[in-house]
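Accompanying notes for the structure given below.
Bear in mind that the values in this text are calculations on the coordinates, not laboratory data. Remember, it's a predicted structure, so these values are computed and weren't measured experimentally. Cβ: placed from backbone, ideal geometry, glycine included. Neighbour counts: every protein chain shown.
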Protein chains: 4
Amino acid sequence: MINVSVIGATGYVGAELLRLLSAHPGVQINKAVSKSFAGKKLHDIYANFLPERELELQESGGKFGADDFVFLCLPHGQSLVAAPPLLKKGHKVIDLSGDFRYDNTDIYEKWYGISHSAKKENREAVYGLPEFFGAEVKKANFTSNPGCYTTTSILALAPLLKEGLICEKGIVIDAKSGVTGAGRKEKLAFSYCETAGNFKAYSVPLHRHTSEIEEQLSKLSRKDVCLLFTPHLLPVKRGILATVYADLMEGVTPETVTAAYEKYYADAPFTHVLPHGKLPELKYVVGSNNCMIGFEVSPRTGKIIVVSCTDNLIKGAAGQAVQNFNLMNGFDETLGLPRTAWYL
Amino acid sequence: MINVSVIGATGYVGAELLRLLSAHPGVQINKAVSKSFAGKKLHDIYANFLPERELELQESGGKFGADDFVFLCLPHGQSLVAAPPLLKKGHKVIDLSGDFRYDNTDIYEKWYGISHSAKKENREAVYGLPEFFGAEVKKANFTSNPGCYTTTSILALAPLLKEGLICEKGIVIDAKSGVTGAGRKEKLAFSYCETAGNFKAYSVPLHRHTSEIEEQLSKLSRKDVCLLFTPHLLPVKRGILATVYADLMEGVTPETVTAAYEKYYADAPFTHVLPHGKLPELKYVVGSNNCMIGFEVSPRTGKIIVVSCTDNLIKGAAGQAVQNFNLMNGFDETLGLPRTAWYL
Amino acid sequence: MINVSVIGATGYVGAELLRLLSAHPGVQINKAVSKSFAGKKLHDIYANFLPERELELQESGGKFGADDFVFLCLPHGQSLVAAPPLLKKGHKVIDLSGDFRYDNTDIYEKWYGISHSAKKENREAVYGLPEFFGAEVKKANFTSNPGCYTTTSILALAPLLKEGLICEKGIVIDAKSGVTGAGRKEKLAFSYCETAGNFKAYSVPLHRHTSEIEEQLSKLSRKDVCLLFTPHLLPVKRGILATVYADLMEGVTPETVTAAYEKYYADAPFTHVLPHGKLPELKYVVGSNNCMIGFEVSPRTGKIIVVSCTDNLIKGAAGQAVQNFNLMNGFDETLGLPRTAWYL
Amino acid sequence: MINVSVIGATGYVGAELLRLLSAHPGVQINKAVSKSFAGKKLHDIYANFLPERELELQESGGKFGADDFVFLCLPHGQSLVAAPPLLKKGHKVIDLSGDFRYDNTDIYEKWYGISHSAKKENREAVYGLPEFFGAEVKKANFTSNPGCYTTTSILALAPLLKEGLICEKGIVIDAKSGVTGAGRKEKLAFSYCETAGNFKAYSVPLHRHTSEIEEQLSKLSRKDVCLLFTPHLLPVKRGILATVYADLMEGVTPETVTAAYEKYYADAPFTHVLPHGKLPELKYVVGSNNCMIGFEVSPRTGKIIVVSCTDNLIKGAAGQAVQNFNLMNGFDETLGLPRTAWYL
């Protein structure tokens, strides 16, 4: 039984993490920290929590147990401040913000507009995408959880780039995300009346996740990947679907593509590739920690179309964090994680 | 051609009113006043307005034309201040707030918690429910537009109470409204993620519209009506459906009920009663200025179930205001108003 | 480890049951029977099932293990035929249809229009509402799972009627359900375009669940309960919210009401009563096996308003079946069941 | 006053057309033909029609007036049969199917899998995209109304291709449509429970509209356009948003792009180009006959991103048909058409 504490417990990612942890057989929730709601019970903010009704929200983590495993669900910039002292005290930490996701902190500083004040800790951080860095995560004390769009996009593209099946230039990722991706915000743009029945692109053409996708794909493929990433806001609560377009190298067949995916994901418990021509839908993954990938080829245009789906709050955030937690603690990678999507 | 000005132009009711007025053949929009967005173009706030792109939002109405017809789409309390000087200058005014809806200002003060500072003007105000007060509206200079729940509920109940077909005690109105009923608000409770897929009751058991419904029904039926009104928040943008329960007087048949409705609504261009046993749905009215009413009887329990539907932004607010405007200006009652709901 | 088979595996209730069972630590899924899709893999119909990809859908249950626990997720009428031979062979059975829910089969025959051909088995069937019949369920070989509206309504009303706090006459249940309640149907009325943004009442005034609610409440309270039940179709996938209106007996205070609920539900792991004045919302229960109840009183009208919420597919169907399964097999009542709603 | 008849009156496009025509000041609706519902009133199928309650649905159009203007809202293939006799009798006709949209009937036959049996009439048909063929439409007796995806895509791309601002190779159109685009169908895939909260790509990589877009763009630009078009199903009722990716020619600036759009659309009453960097959303156009276009450039990748939005039932079908009707009858192009989107 591992004692865990969650800092930033009342954002949507924090609450989802608590929901998953509350059903995890190897976890004892110790502290839940929420600046905004300190002093209240978790149940006052999220009335869905019933057996955990009495969990009190605390202002700071001063009273962590010495051996607490700590999850940071803080806004970008705040983890830079919160992580170093925790690591110093010997806590194992998973950070869900963007603060420690970059090997090259210059890229972070440029795209986030924040000076990186914890470069030493940044060097210790392992990029927590278990499909490619699972071995490192197992040995890590500090894991940086990837972004939601990033996870969905990298899992679609990395095998194709690593195997040289697509051109590294000209890639377009047209991604669509549910509204929880924006977090728990009192903003008119995310109000029901402005969002329901609507659809829009946003942060065009320079959404931050572009840089995270490019850095990881370049590292994994040893190529210089520069791509166009366009996110859209779907009128659904959960889920990301990315439609990825790339130029196929000559002679590449669907069989080659399937084989490339199988090479990397055959043993991945949560990343599933559909047979050629069958494409995943949001409802195949929402509610689970799965990433589901399908593809089609267009001989007329020489392009491959890859569709990749995740639940942005689970495989895109809290679930992947639990997956990394399992690896860091010697648990089975799937322990306590939902393997079957809700569908309904 | 009547010059009109709208004060409170950027709330949802104000914007809907501008949308209707922009298609009204007898109207020239003169000024649109919005404290929050003064200096911007209407198109900056509501990008759906295209031919009216250049309409500028103004801070105050100082530059009204002398003969402007003025619509007040202000929050409760603010019309108490805004209406008197306009009436004094001779403007015809329709107020869409709750401020002038009560014959008895004590009731207003009790349920709204606001001291009524314009009792003289309140006496001049005609209650703008054309189905019952159309003749008065035609002669009025100042009309108070009824509430959305109120319109939907009164149109369902007034004929039955006036004709003595139901008991005035024990009436229950279980009403469900779309989210635009809450207005244009940066509130977490009305955010997409908190509202989509959800449903809840609110303001139980003392929603303000209870008092407006009771005062009007008591006046119309000359009985002392005291009822229970329970609003709920539907995950849709527009529309109110009220399910009304009342005890039928002995011997009342469906034919009597239909006849009572026909007596009052045979000539009403926007209030339509379905044959006994057929009940309206939101999509039959949303997008139009119609109120649609159906009923069923339950001999086992002695009750009648009446279902009444409106679009809360149209017949429940902006559309009814235009209907009153038409009456006050000698236009055909239906001029410029949508008579066919969108359905899709 | 109990071997279980599910007959009627590809309706929404069957699929939800398989989803819950696939995460249940005491269950081995043996057979999934689906007439419509025999020969296909479960994954072909519900692509969300991943680790269970290979589960084959079978035409009949001929190859059940001798000790299989069988769930029947069949349409009304078909369980009358399917249950008797299974019981005869010694299988423990839970039926999720309406076929065995009535003590008095005359009521069933009248409201369902089906002749009851299994009256002997009907006498053996225990009504599977654990909050009131848990002791009987523990000893049962054959359990009839209550209806979704019924569960939600009875849990709201039974304590108040049993304790004599409300009048048994004049009760109104205004219930609203998500669309999964209608099952997996190729019907225009349940298509996206006809349902999204819409809301309507249906089966007024004689929905079948009226009779089930009345029989159970009459039995539990030893009174002759005759009430009005009005279901509505909500544009959400899951969840039932029932707003219940009843006349409070004189002198009944909120404290008395709370005490009555506590008397019956203090130890119920899934039925939770909120403090007086706090009302539950759909998102507090959807995704979990919980029923959440809140109430408010209206001194002006002498009525109590009770709001009761469940997830119609879980506590209203598949989850309650698993709860009964747990009781029938000596497991902890909560084993494998979701206790925390999704909220998002 | 023009007498009009609508054949195929009870599909979603037919019903939307009747809704628009019922508010058109120059139109008298004569006959509404519906095979499926002949003998019923329009109100029985679409209860939103109120003043037109009594319009009877007829089995065939045998009783058309000699001078009736006829709209064909039939499935693909059926217009091939229906149009020729109507044209022969001298009716002016607008066909909303795909049957007469191609200059080259070989393309039609290949992509629709239907033998083209009305090639003579096909030669007479004018492609009804008023922004580019308005002059021809004015003189036409027979107009073929463009597809919804097609309209949205061509309006985004034609000016850029005609002016040589983008490369004609490598264009990707990632389009997202509301569910009404699938028509009024009793299909599980379009049921509420399967569609709400979901999102998916479909008809990848060979949706029929690809060929229509390519033929028109090739004709307009005198280049050989071969592109990739990927449609997705949005969980909304109405609206298409197309995100278009193309390689910008060297030296092309945002100003050049804006100027190209202005060159073709400055006088178009329904096609509106936003200033560089501002992108349209569905709610800016849904409910209106507008097409709204915005763009952004990505110097990093050399691409332009164009976002184009329409209401698929209005500018993408019934509204554009009325626009063509206006041109064919000498009315103002905008007569009777909604110019301001609903927004809410």
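Taking every DSSP beta bridge that has both ends in the protein assembly as shown, the antiparallel portion is near 45%.
Kindly state, as a whole number, the per residue volume in cubic angstrom of the convex hull around the alpha carbon atoms of the protein assembly as shown. It would help to have the intermediate numbers written out before the result.
On the way: hull volume 242.4 nm³, N = 1376.
Normalising the Cα hull of the protein assembly as shown by residue number yields 176 Å³.
Assuming charge only on the beta carbon of Lys and Arg (+1) and of Asp and Glu (-1), the dipole of chain B about its Cα centre is about 560 debye to the nearest 20. Taking every DSSP helix (H) stretch of at least 4 residues in the protein assembly as shown, weighting each as -39,500 (n - 2.57) and dividing the sum by the residue count yields a mean residue ellipticity at 222 nm of -8500 deg cm²/dmol.
Within straight-line reach of C:Lys219, meaning a Cα separation under 18 Å, sit the following aspartates and glutamates at least 8 residues removed in sequence or on another chain: C:Asp103, C:Asp106, C:Glu124, C:Glu131, C:Glu136, C:Glu163, C:Glu168.
Which of the helices in chain C, when you take each full DSSP H run, stretch at least 20 Å along the axis at their Cα atoms and have an average Kyte-Doolittle score of 0.5 or higher? Those that clear 20 Å and a mean of 0.5 are C:148-162.
Based only on other Cβ atoms within 10 Å, what is the fewest-to-most ordering of B:Leu335, C:Leu344? Working shown, then result.
On the way: B:Leu335 15, C:Leu344 23.
Ascending number of Cβ neighbours within 10 Å: B:Leu335, C:Leu344.
Note on A:107-115: average number of Cβ atoms from other chains within 10 Å of each residue's Cβ is 0.
With a sphere of radius 11 Å drawn around the Cβ of B:Val322, what net charge do the other residues whose Cβ falls strictly inside it have (Lys, Arg +1; Asp, Glu -1)?
Numbers: positive: B:Arg19, B:Lys315; negative: B:Glu16, B:Glu333.
Local net charge: 0.
The rotation axis taking chain B to chain C passes closest to the C-beta of one chain B residue; that residue and the distance in whole Å read B:Asp174, 2. With neighbour counts taken as other beta-carbon atoms within 10 Å, the residues D:Phe64, B:Phe229 rank, fewest first, as D:Phe64, B:Phe229. Counting Cβ atoms of other protein chains within 10 Å of each Cβ in C:276-282 and taking the mean gives 4. Take each peptide in B:309-322, C:108-121, count the other Cβ atoms within 10 Å of every residue, and average; sorted highest first, the result is B:309-322, C:108-121.
What does the charge add up to near C:Glu16, with Lys and Arg as +1, Asp and Glu as -1, over the other residues with Cβ less than 10 Å from its Cβ? Walk me through the intermediate numbers first.
Working: positive: C:Arg19, C:Arg238; negative: C:Asp311.
My count for the surroundings of C:Glu16 gives +1.
Peptide C:225-237 shows a mean partner chain C-beta count of 6 within 10 Å per residue C-beta. As a calculated quantity, the FRET efficiency between C:Ser117 and D:Glu59 at R0 = 56 Å, using C-beta atoms, amounts to about 0.80.
Judged by the ratio a/c of the largest to the smallest principal axis of the C-alpha gyration tensor, chain A counts as prolate, that ratio being 1.5 or greater while a/b is larger than b/c. Each other copy places its own label point for A:Ile114 at 4.3, 5.7, 5.9 nm from this one, sorted shortest first, where the point lies 7 Å along the Cα-to-beta carbon line.
As an exercise, use a Förster radius of 60 Å and the Cβ-Cβ distance of B:Met1 and D:Asn141 to find the FRET efficiency, rounded to the nearest 0.05.
Working: r = 38 Å, r/R0 = 0.63.
About 0.95, to the nearest 0.05.
Pairs from the table (A:Lys41/A:Lys185; D:Lys89/D:Lys138; C:Lys63/D:Lys187; B:Lys89/B:Lys138; C:Lys35/C:Lys176; B:Lys89/B:Lys119) lying more than 23 angstrom apart at Cα are C:Lys63/D:Lys187; C:Lys35/C:Lys176.
Considering only D:Gly239, D:Gly197, D:Pro299, the residue lying farthest towards the positive end of the dipole of region D:149-312 is D:Gly197, judged by Cα position with unit charges set on Cβ. For a straight C-alpha distance cut-off of 18 angstrom, the lysines reachable from A:Lys303 (same-chain residues fewer than eight places away being disregarded) are A:Lys162, A:Lys169, A:Lys278, D:Lys169, D:Lys303. When DSSP beta bridges are restricted to pairs lying wholly in region A:149-312, around 70% turn out antiparallel.
Pairwise alpha-carbon distances in region B:149-312 exceed 24 Å for 33% of all pairs. Across identical copies of the chain, B:His276 has label-point separations of 4.4, 6.7, 7.0 nm, listed in ascending order, with the point defined 7 angstrom from Cα along Cα→Cβ. Sorted from nearest, the other copies put their B:Leu335 label points 2.1, 7.6, 7.6 nm away, the label point being 7 Å from Cα in the direction of Cβ. Look at C:Thr256, C:Thr143 and count the other Cβ atoms within 10 Å of each Cβ; fewest to most, that gives C:Thr256, C:Thr143.
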